[in-house]
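Structure first, then comments.
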Amino acid sequence: MKIETEVISNEIIKPSSPTPDHLRHYQLSFLDQISPPTYNPLLLFYPADGDVKISNIEKPNQLKQSLSEVLNLYYPLAGRIKDNLFVECNDEGIPFFQAEVKCRLPQVVENPDPSELNKLIPFALDDAEELPLGIQYNIFECGGIVIGLCISHKVGDASSLFTFIKYWATTARGEADHISRPDFISATLFPPINISGFQPATGITKEEVVTRRFVFRSSSIEQLKEKCSPASGSLDNQRPPSRVEALSVFIWQRFTAATKVESRPERIYSMVHAVNLRSRMEPPLPEYSFGNYCRIAFTIPSNDTGEENYNLASQIRVSIGKLDKEYVKKLQKGGEHLGFIKEQAARFLRGEVIHLNFTSLCRFPLYEADFGWAKPIWVGSPSLTFKNLVVFMDTASGDGIEALVHLKEEDMAKFQEDEELLQYIVPTKC
């Protein structure tokens, strides 16, 4: 449904204490430098019947006070990004918008339109320049609330945003002593280099991209996992495919079937998966390590075994497995990887390679973000600024998966009508 919002206030939230002089220059890492200049958004939906001890008048004040405290530890977020090199941690603060939404929250949650959800976040996603973070507090006619957040990809990945939300919510509940503090050592692990000749904005699109949300129940996912498992009697002892592997295979196949794509000598089609590097480092990094610790695994599908689904799931696993400790060591040197991504960007711009990109936000504790009123009834994302992108998120029940698919308009028209796709997704409510 269409969403109408009106911003009724806008203020700047600053850290409650000044940032010490020795922390006022936060160096971006190599991985920060090559990250796209976009915002990572998230939307947290809270019911109208939350904790009645905290009124809707008091809630924004509680959020702002706790946010001011959290910014003492997440001090780069209250600064300003400079020249893709560093954050000037000058305590200028972050924008906090308050908006009224001209409908009831259940009307949005029952059948969300990702393109309309962009009205609930504070920034245009492709306008990430100086501001590292923004918040929009949305109040619905029924009293329901949505907190919309945007974090610049130049300072942190999705995992960084989630740990920030976790710390903020814990602080709002008065329980911050029970949670680990963030560390900011990414530039030490991945020292910045001169990236001249590489454009981090490569892939951000201004053309018309249509975003649709497809929901897969756990029973459908299990059927797709079974399709990707070794044939009966096989001697292959590999573990069964994961939910994300099985869904990646299925969506890839429906995408290629709908758009009739085929790899040719002059054009290659590939699957690309975002991979969190924290657990792949030596020693592994804790979840509260702030920054961009994410790279991508490329899979060029080949079907030469007679077991198409299983073979493709195995290829994905192998490709992701290559992002191991040795890969990270090479990545820390920077130069070799920069040459690789420059070549990939050039091939992309020449139209020689077509990617279908996958990002999984599953298994993150998004539904634990309790600011003292209630846990969210739904966590979602608006439309993003890339085409040929699939974002996986857990359903509110935790056993299904939502797939947010971004395609060109003509490709989406074919994809969303694919008969096999329609057999596995939850029917959309009209």
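The values are calculated or read from the model by the stated rules, or taken from the named source; none is laboratory data. These numbers come from a predicted model, not from an experiment. Please note: Cβ atoms are built from the backbone with ideal geometry, for glycine as well, and neighbour counts cover all protein chains shown. Calculation scope for accessible area: heavy atoms of the full protein, side chains included, ligands and nucleic acids excluded. Shrake-Rupley method; radii C 1.70, N 1.55, O 1.52, S 1.80 Å.
The Cα atoms of the chain give a gyration tensor whose axes a ≥ b ≥ c have a/c of 1.5 or more with a/b no greater than b/c, which makes the shape oblate. What the Cα atoms of region 82-147 give is an Rg and a Dmax of 15.0, 45 Å. What is the angle, in °, between the Cα long axis of helix 308-321 and the longest principal axis of the Cα atoms in the chain? Nearest 10 is fine, range 0 to 90. Tilt relative to the chain: about 50 degrees. A DSSP coil position with no more than 12 other Cβ atoms inside 10 Å describes the following trypsin sites (Lys or Arg not before Pro) in region 77-155: K102. In this structure, N56 and I12 have a Cβ-Cβ separation that, at R0 = 25 Å, corresponds to a calculated FRET efficiency of about 0.70. For region 1-145, the tally of Lys pairs with Cα-Cα distances below 30 Å comes to 20, considering only residues 8 or more apart or on different chains.
Hull volume per residue, based on the alpha-carbon atoms of region 274-430 and their convex hull, is 184 Å³. Here the label points at E207 and E409, each 7 Å from Cα along the C-beta direction, are separated by 1.2 nm in the simple model. Heavy atoms of the protein chains alone define the surface here; on that basis region 1-76 has 48 Å² accessible area per residue at 1.4 Å probe size. Of the residues D127, D399, D21, which exhibits the maximal mean-square fluctuation in a Gaussian network model of the chain defined by a 10 Å Cα contact cut-off? Most flexible of the set in this elastic network: D21.
With a Förster radius of 45 Å applied to the beta-carbon distance between E336 and K260, the computed FRET efficiency rounds to 0.80.
Restricting the calculation to alpha carbons of region 310-400 gives Rg and Dmax of 18.0, 51 angstrom. All C-alpha pair distances within region 24-139, sorted into 5 Å bins from zero, spread as 2, 9, 17, 19, 18, 14, 10, 6, 3, 0 percent across the bins.
Largest first, how would E4, E245 line up by accessible area (1.4 Å probe)?
Values: E4 115, E245 15 Å².
Correct descending sequence by accessible area is E4, E245.
Comparing L105, L28, L149 in a Gaussian network model of the chain (Cα springs below 10 Å), the most mobile by mean-square fluctuation is L105. In the structure shown, the pairs K154/K333; K154/K329; K225/K325 are assessed against 25 Å; a Cα-Cα span above that value is assigned to K225/K325.
Of the solvent-accessible surface of region 278-327, computed with a 1.4 Å probe and all protein chains present, 54% belongs to carbon and sulfur.
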